[in-house]
1. Please say if region 284-359 is rounded, prolate or oblate, where rounded means a/c under 1.5 for a ≥ b ≥ c the square roots of the C-alpha gyration tensor eigenvalues, and otherwise the choice is prolate for a/b larger than b/c and oblate otherwise?
2. Pop out the ³J(HN,Hα) list for region 253-259 in order, Karplus 6.51 cos²θ - 1.76 cosθ + 1.60 with θ = phi - 60°, rounded to Hz; leave Gly and Pro as x.
3. Does a label point 7 Å from the Cα of GLU143, set along Cα-to-beta-carbon, have any residues of region 97-124 with amide nitrogen under 17 Å, and which are they?
4. Straight-line reach from LYS497: which aspartates and glutamates fall under 12 Å, measuring Cα to Cα and dropping same-chain residues less than 8 apart?
5. Can you run phi through the Karplus equation (6.51, -1.76, 1.60; θ = phi - 60°) for region 230-242 and list ³J(HN,Hα) in whole Hz, with x for Gly and Pro?
6. Picking from SER201, VAL127, LEU138, whose Cα lies most toward the positive end of the charge dipole for region 119-203 (charges on Cβ: Lys, Arg +1; Asp, Glu -1)?
7. Where the accessible area of the chain is counted over protein heavy atoms with a 1.4 Å probe, how much of it, in %, is carbon and sulfur?
8. When a/c is below 1.5 the answer is rounded, else prolate if a/b is larger than b/c, else oblate, so apply that to region 158-199 with a ≥ b ≥ c taken from the square roots of the Cα gyration tensor eigenvalues.
Amino acid sequence: MNYYIGIDIGTTSTKVVFYNQSAKIISTATRLYPLYHDLPDEAEEDPDQIFESVINCLAEVIKKAQVNVKDIKAVSFSVQQHSLMAVDKNGKPLTRLFTWADNRSEKFVGNFQKTAAAKELFQRTGVPTHPMAPIFKLMWLKESDPDLYNRTSYWIGIKEYIFYKLFGKWVEDYSVASSTGLLNEKALDWDEAALKMTGISRKQLPKLMSSTDKIIGIREEYALKTGLSRKTAFVLGASDGSMANVGVGAIDEGTLAITIGTSAAIRSIVNEPLFDSKARVYCYPLLPKEKWIIGGPINNGGIVFRWVRDQLFDNITEKGLKNQDPYDYLTNLASKVPAGSHGLIFLPYLEGERAPIWDANARGTFFGLNESHTRADMVRAVLEGIVYNIYAVMITMREVTGNTKNIMATGGFARSELWCQMMADIFETKVSVPASFESGCLGAMVMAQIGVGEAQDLSIVKKFIGSVKTFNPNPNNFRRYRELMEIFISITRNLSKDFTRISDFQREFQN
């Protein structure tokens, strides 16, 4: 039997899953690593910590699996988007890894957004103007740290660093490259105008390859550490968003994949590049000339629920609930509150926001709060606010694609029946949750099979996702949610200028 390994490199952890050729999970491993916030708006990681996590997880799953390593046909990747780091001519890091959550280029982006060049750049690259994108981090670094800029031989992301360590080659797939804001998505090549804006050259960027291309010949040092054969193929794979779509089975036009983990995202696969004229949702290639992804990344997912747990219910264990999961306690509390949270709305922008408003200065807000509201109302309002924001992105996607039929849900939230039912009611459509939760790793496994010729196309994933649980919308809640969605969107628009004012105040008086 043949075996495959899927690696999902996230913002705070790496997960590795060892599969047989029918996508049955044989073994798994996970490693956590910190996100550094040493300065205001900073969000960095140590690339060598992530690399060691990958190596250690590979070694663990292979040891647990106890199979002949010659039967491991391929390894493939699902990887976080928008990462950036500087390295010297020998591949040694000159910086830590800037993640999508790093907002230090916010002032530069705010000025650039007002120019005609911003719209023109989006129409070529498909990446909205936001501090998440490496192109804007490059422009900011060019001004703020010219010495670093001049010493840098290569500008890369985390997967490119890992492949260089393993193989000594600088390579990057089109899916990840498109998230940089430097790729001309129609030409499928580095964009000359974007390079001119940043002042970097093609020689400082990796070679572009397809997500199903493979490299063989892992360095002996890492073959020994992991237990892999040097003949095992490493298939490039794609961005985490792309792989989540594939892994959840949302591979047909009109089917939405919604993921809520620490952050969140809503995406759909289309058969040609579609660019939003208002630059509210991104577009990037999955399989060049075949499949494209359109959608929106959202900063505020499960991290907001964690804030509720830590800040509003920090005394849970003091109430004798030590044997109950705090999230189960909170969702049970919210389930007792009717749809609409008694007229309480929460804007979930604790981490600023990407889609659909693309405002790094956005801040969280309870609206409609009165003396009758309880903490239970607040919990439900927070959960509803996260889904309202995802729905707002869907409205934009519908304008661009003209077609949204079904929802496939994945991520930690998909384990909560309350959240899934809430989503079905707000979207007024059924929500399907596949039994397989590790959608990123499963998507990578599919790319691995395609890369070595065992599968012909993405449709094979439908054999792998297992049983599906469906949540049907409750019409009794439609009217409430329609009215509250209108208010949610109106509040967000009206607070735009004040978001900037309050965030500037917070930066000035942070101590």
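1. Working: a/c = 2.56, a/b = 2.12, b/c = 1.21.
Since a/c reaches 1.5 and a/b is larger than b/c, the shape of region 284-359 is classed as prolate.
2. Each residue of region 253-259 in turn: 4, x, 8, 8, 9, 10, 10 Hz.
3. 103-119
4. Of all the aspartates and glutamates, those that pass the test against LYS497 - Cα under 12 Å, at least 8 places apart if same chain - are ASP359.
5. Whole-Hz 3J(HN,Hα) from phi for region 230-242: 5, 8, 5, 7, 10, 8, 4, x, 8, 5, 4, x, 4.
6. Going by the Cα projections, it comes out as SER201.
7. 47 percent
8. It is prolate, given that a/c is not under 1.5 and a/b is the larger ratio.
The values are calculated or read from the model by the stated rules, or taken from the named source; none is laboratory data. Bear in mind the structure is a predicted one, so any value in this text is a computation, not a measurement. Positions of Cβ are generated from backbone atoms using ideal geometry, with glycine treated the same way; all protein chains shown enter the neighbour counts. Side chains are part of the model used for accessible areas, which takes the heavy atoms of the whole protein and leaves out ligands, DNA and RNA. Shrake-Rupley method; radii C 1.70, N 1.55, O 1.52, S 1.80 Å.
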